[in-house]
Amino acid sequence: MQSRTRKTGSLKASQFKESVIREMSRLAAQHKAVNLAQGLPDFPAPLELKEAAIKAILDDINQYAITWGDKPFREAIVEKTKRYLGLTVDPEKNITVTCGATEAMVASMLALVDPDEEVIVFEPFYENYGPDAILSGAVPRFVKLNPPNWEFDEEELKSAFNEKTRAIIVNTPHNPTGKVFRKDELELIAGLCQKWGVLCFTDEIYEHILYDDAKHIAMATIPGMEDLTVTINSLSKTYSITGWRVGWAIAHEDLTLPIRKVHDFLTVGAPAPLQRSGATAVNLPEKFYTDLHEEYKIRRKVMLDILDEVGIKYYKPDGAYYVFCDVSNFGFKDDIAITKHLVKEVGVAVVPGSSFFRKSEEPGKYIRFCFSRQMETLTEARERLKKLKPFTA
Ligand code: PLP
C-alpha cells in the first residue's frame, strides 16, 4: 500500500520506538522459543475469576460502565485498600478505574503534567515511563539505581529536584530489578516531594509478589504523602489476568478530577464485565495471597537454580517476578547480541536490559528473565539454556 500523505508519524510518535518487551514475545513465537520475556503468566487464571467474568457477561453487564469505574468494583477496591494498605479512600472522589496500570500512568501524566515540566524517573525503569513522559510533553530526569542493591545516591536524587519538577515516578516492587523500596528510601523521596511540592506517581502493580522478609510500603502511607501521591495498581499481575486490562489510580479528589477527564476521552472506560468480576478478584480471601506467595517463592527458586547451573550472574529479586542478570561474562558484544543468540540459537526469549535504560554509549550487559511461568516452561528453559556457555578466554 502506498502512503498518500506527506508525513507518517507525529513528532511525538517518532520520539520513541516500538516496545522491545512486546517485540520479544513476537520473536519468541517466530523462533518457537520458550518465552521468558514478557511479564505475563502462562498458567491458568484463577477459576473463580473466570466464572465471575462469564457470569457478569451473562448478567448483561455489557454496556459502558460509569467512565471512572463500575461502582461495586470501586467499592471493592476501597475495602482492599483499607485492608492491605490501611488507607481510607472514597470511591466517589478518589478512584479512577482504567485500562490497566498502563492507562492509569499515561492518563495521570497527561492530566497532571504540563509540557516542559520535569518528571524524575529512576533508571533502570519500566520501559513505558519514557513514552509516557514524551506523550505528555514532560522532560524525564533520570536518577540512577546502582547495583548490586539498586540503591540511589541521596545527593543525586536531591539535585534532580528543582523548580520545574512536577512529579517523580516510583515503582515498587520494581521492574526489572526486583527492588522493594525501603521505608527510609521512601521517606527521603517523600521529604523532597513535600519540600518542592512535587507529585509522586507510584506504580505498585507487584505489591503482592514479595520474597523472604520484604514488605511492601505504599508511598501514600508515608506521612504527608496521601494528597501528593497517585497510587497506580492493576488486576494484571496479582490475579494473573494481564489480558483483562483493568487497573486503577487512587488520588486526592483535586487530582482525580483531571485524571478522570483524560481517562474518559482516552478510553471511556475499562471493560465493564471485567470490572464487575474484578470485584471478585480484589475480594479474594487471605489464603489466595498466601498461596500466591508460596507459588512465587518456588518459581523464583527454580529460576535462580537454573541461572546458577548455567553460570549467569544475577541480582536476587525481593519482589516482582523478574530476575535481572549481568551477562558480561558470556563474551557477546552487548545485551542485544546475547538476546538474539538466546532466542534464535538457544530457543529462550528474554528482554535485553538496555530497554530499561536511556540510550547509552556503553554496551549493555544486562538481560531480564521473567519467571511467572508453569514448571514445565521453566524446565524446558533449563534444558535449552544448557547450550549457553560462559566465555572462558
Ligand atoms: N507497570 C509495571 C511496572 C509493569 O511491569 C507492567 C507490566 O509488565 C505494567 C505496569 C503494565 O500493567 P497493566 O497490565 O496493568 O497495564
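The values are calculated or read from the model by the stated rules, or taken from the named source; none is laboratory data. The structure displayed is predicted, hence computed values, not measured ones. Note: ideal-geometry Cβ built from the backbone for every residue, glycine included; neighbour counts use all protein chains shown. Heavy atoms of the whole protein, side chains included, go into the accessibility calculation; ligands, DNA and RNA do not. Shrake-Rupley method; radii C 1.70, N 1.55, O 1.52, S 1.80 Å.
So for the stretch 61-84 (the condition being assigned by TED's automatic domain parsing to the domain that holds Pro140, within 16 Å of the ligand (Cβ to nearest atom) and assigned to a loop (DSSP other than H, G, I, E, B)), does at least one residue qualify? Within the stretch 61-84, one or more residues are assigned by TED's automatic domain parsing to the domain that holds Pro140, within 16 Å of the ligand (Cβ to nearest atom) and assigned to a loop (DSSP other than H, G, I, E, B). Just to check your reading of the model, which residue among Ser234, Ser240 is within 16 Å of the ligand (Cβ to nearest atom) and open to solvent by less than 10 Å² (accessible area, probe 1.4 Å)? Only one candidate passes the filter, namely Ser234. Applying the condition of being basic (Lys, Arg) and farther than 10 Å from Val119 by Cβ to the stretch 130-163 and asking which residue is least open to solvent (accessible area, probe 1.4 Å) yields Lys158. The residues in the stretch 10-41 that are at pLDDT below 95, under 21 Å from the mean Cα position of the chain (by Cα) and assigned to a loop (DSSP other than H, G, I, E, B) can be counted, and the count is 8. Screening the candidates Ile209, Ile217, Ile250 for the property of being farther than 16 Å from Thr98 by Cβ, modelled with pLDDT of 95 or more and within 16 Å of the ligand (Cβ to nearest atom) yields one hit, Ile209. Those helices (runs of 4 or more DSSP H) of the stretch 243-323 in which 3 or more residues are under 26 Å from Pro176 (Cβ atoms) and touching a residue at least 40 places away in the same chain (Cβ under 8 Å) occupy 286-310. Restricting attention to the stretch 169-206, the residues that are touching a residue at least 40 places away in the same chain (Cβ under 8 Å), charged (D, E, K, R) and within 11 Å of the ligand (Cβ to nearest atom) total 1. Quickly run through the stretch 284-315 and pick out the residues that are more than 22 Å from the chain's Cα centre (by Cα) and open to solvent by 60 Å² or more (accessible area, probe 1.4 Å). Selection gives Pro285, Glu286, Lys287, Asp308, Glu309, Lys313.
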